[in-house]
Amino acid sequence: MEWWIGITSFAVPIVFFLVTLFAFALLLLYLYRKRHEEIETRKEIFNRLLDRYAQAREFIEFLRTPEGREFIELFAPRRKTLQDRLIAYIRNGVIFTLIGLGMIVFAYIEGDPDISFMVIIFLAIGIGYLFAAWTTYRIYRQSDQPSGASSVHASPLSSQSTERSE
């Protein structure tokens, strides 16, 4: 019966890696197809719009109208807000930190000290992302307040304008 334990401790990480790799490949394929469909849809809409207008002058006049500007804004790439960046930093930090902590638990259960190098890498990346989120937020808070003046914030991450008290 002891031979089964040796095979299991060796096979579990390999199977886990292969399943994770397969899932990641499927995710990449899904994201590629989704992006490709978006591009094809945009291309079709622009082609129909160009067919609708016989001359470039008519098309330029349309773009100068409020409806034309709204149409262009629909397809313009959206800029990432501070909140989007902070959420991405925190998400990545939590994921990498949890992977590192999971590897610590795995190393403790299996008694495998060779995994410590990977644990350090994942924990360092995770903590680095969390530190980047904290630093970004601190810089935002400091740049939002003029020196010598206090400000009242509804929420520093909201898109509302800040009110300054004098």
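The residues listed here are R85, R91, R42, R35; of these, the one that is part of a helix (DSSP H, G or I), more than 18 Å from the chain's Cα centre (by Cα) and of a type in the set (D, E, K, R) is R42. For segment 35-59: of the residues being surrounded by fewer than 10 Cβ atoms within 10 Å (Cβ to Cβ) and basic (K, R), which is nearest to F71 (Cα to Cα)? Applying the filter and picking the extreme gives R48.
For the subset of segment 100-142 comprising residues that are aromatic (F, W, Y) and touching a helix residue (DSSP H, G or I) at 6+ places or on another chain (Cβ under 9 Å), which member is farthest from A11 (Cα to Cα)? Among those residues, the one meeting the criterion is Y140.
So, in segment 60-91, of the ones that are closer than 30 Å to T135 by Cβ and among the small types (G, A, S), which residue ends up surrounded by the most Cβ atoms within 10 Å (Cβ to Cβ)? Among those that are closer than 30 Å to T135 by Cβ and among the small types (G, A, S), it is A88.
All of the numbers you see were taken from the coordinates with simple rules; none came from a lab. Computed from a prediction, not measured in an experiment: that's the story for all the values here. When we count neighbours, we look across all protein chains shown, and the Cβ atoms used for this are built from the backbone with ideal geometry, even at glycine.
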